[in-house]
Amino acid sequence: MSAADDTAPANAASTADTRDARAAWALTAPALMLFIGVLVIPLAMTVMLSFHDWGQYKGIEPVFILKNWHEVATDPYFAEMFWRTFRIALLTTLITAVLGAPEAYILNRMSGRWKSFFLLVILGPLLISVVARTLGWALLFGGNNGLVNKLLMSLGLIGKPLPFMFTETGMVVALAHVMMPFMVLSVWAALQRVDPQIENAALSLGASPPTIIRRIVLPQIMPGVLSGAIIVFSLSASAFATPAIIGGRRLKVAATLAYDEFLNTLNWPLGAAVAVLLLVALVMIVVGSNALIERRYAEVFR
């Protein structure tokens, strides 16, 4: 057999691999171009904009300066905005975890028909606009005209309206209502890995229901709780509609602050610096938390 006969199959295989690689690139090219066009390029332009100068009379000047970043880093006003943003996001995450994990556990223990019905109830709010759901809270607790406040005052249970609008408590409650489905679905997905027979075995060996929950169920669903916490925290920290409606201009967070700098003050470079800093902080928190979760619960993710 000649050397040419030996190299022919190898050349054919190489040609087939090249053809497959080209086909793969051809299939992914439209999605890749869309990703670059709608995400990478706008983000790059926003980062570049944050280094430009701005004046009330001269507008935006395309020069490279660090004034905006220095202002964000040194002004206590911006530190207060970011601290409020992450504080509200953290409280929202804690509330959704405390209420969402038991809700997911109860959902998982239901029979097929009721499980489907209540799963629809949980997913139903996701089909409604966040603005509509947040306005519902404003209608219920919005000052003297709020339906719940009017009812409670007419019954003599309270003497003045419950403080809800333009408060951090109101923002946390509304955000927890909006984000609850994400936590429930994350925990419910983790519960699908849990064998119900393990609980029955522990019960037959004399373990009490609280012990079963604490020693058996909770360690197995903890990755789902932590994954849901990452989702809820990142969405809450970057939320705009709910803080804008409940908090208004009196109680700003990072997202509404960037919005005001862009559209009210027209200081686009400063607004871009705020937006980029929020994005970088969230990416660092999410990546770091995800790495810790995967390291701590490596066996679950295998």
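The values are calculated or read from the model by the stated rules, or taken from the named source; none is laboratory data. It should be emphasised that the depicted structure is a prediction, and the values quoted were computed from it without experimental measurement. So basically every Cβ, Gly included, is an ideal-geometry build from the backbone, and we count neighbours across all protein chains shown. We work out accessible area using only protein heavy atoms, side chains counted, and drop any ligands, DNA or RNA first. Shrake-Rupley method; radii C 1.70, N 1.55, O 1.52, S 1.80 Å.
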What's the magnitude of the charge dipole for the chain around its Cα centre, counting Lys and Arg as +1 and Asp and Glu as -1 at the beta-carbon? Answer in Debye, nearest 20.
1160
What number, in percent, do you get for the relative contact order of the stretch 82-186 if the mean sequence gap of Cα pairs under 8 Å and at least 6 apart is divided by its residue count?
37
Keeping all protein chains in place and using 1.4 angstrom, which order do THR265, THR211, THR93 fall into by accessible surface area, from largest down?
THR265, THR211, THR93
Taking placed amide H atoms and a strict 5 Å upper bound, the residues 5 or more places from ASP53 or on another chain that come that close are GLU61, VAL63
Return one quarter of the surface area of the convex hull spanned by the alpha-carbon atoms of the stretch 189-302, equal to its mean projected area, in nm².
9.8
List the residues, sorted by chain then number, that are 5 or more residues from ILE158 or on another chain and whose placed amide H is less than 5 Å from its amide H.
MET153
Dimensionless Rg ratio for the chain, taking C-alpha atoms and the 2.2 N^0.38 Å reference
1.36
When the convex hull of the Cα atoms of the stretch 64-189 is projected onto a plane and the area is averaged over all directions, what value comes out in nm²?
12.1
Spin-label model distance (nm) - LEU127 vs ARG250, 7 Å beyond Cα toward Cβ:
3.6
By how many nm would the segment from SER154 to ALA26 lengthen if fully extended, with 0.36 nm per residue of separation less the alpha-carbon distance?
39.3 nm
Compute the orientation-averaged projected area for the stretch 237-297 from the convex hull of its Cα atoms and round it to one decimal in nm².
4.8
Using alpha-carbon pairs under 8 Å, 6+ residues apart, how would you state the relative contact order of the chain in percent?
24
Let me have the 222 nm mean residue ellipticity of the chain computed from DSSP H runs of 4+ only, each contributing -39500 (n - 2.57), with the sum over all residues rounded to the nearest 500.
-23500 deg cm²/dmol
Calculate the spin-label point distance for PHE35 paired with ARG113, positioning each point 7 Å from the Cα along the beta-carbon direction, and give it in nanometres.
4.6
Between LEU94 and ASP195, Cβ-based FRET efficiency (R0 30 Å, step 0.05) works out to 0.55
Interchain or long-range residues, amide H under 5 Å from MET165's placed H:
GLY143
The chain: Lys pairs at Cα distance under 27 angstrom, eight or more positions apart or on different chains
4
Given a 1.4 Å probe, the accessible area of the stretch 92-167 per residue, as a whole number of Å², is 63
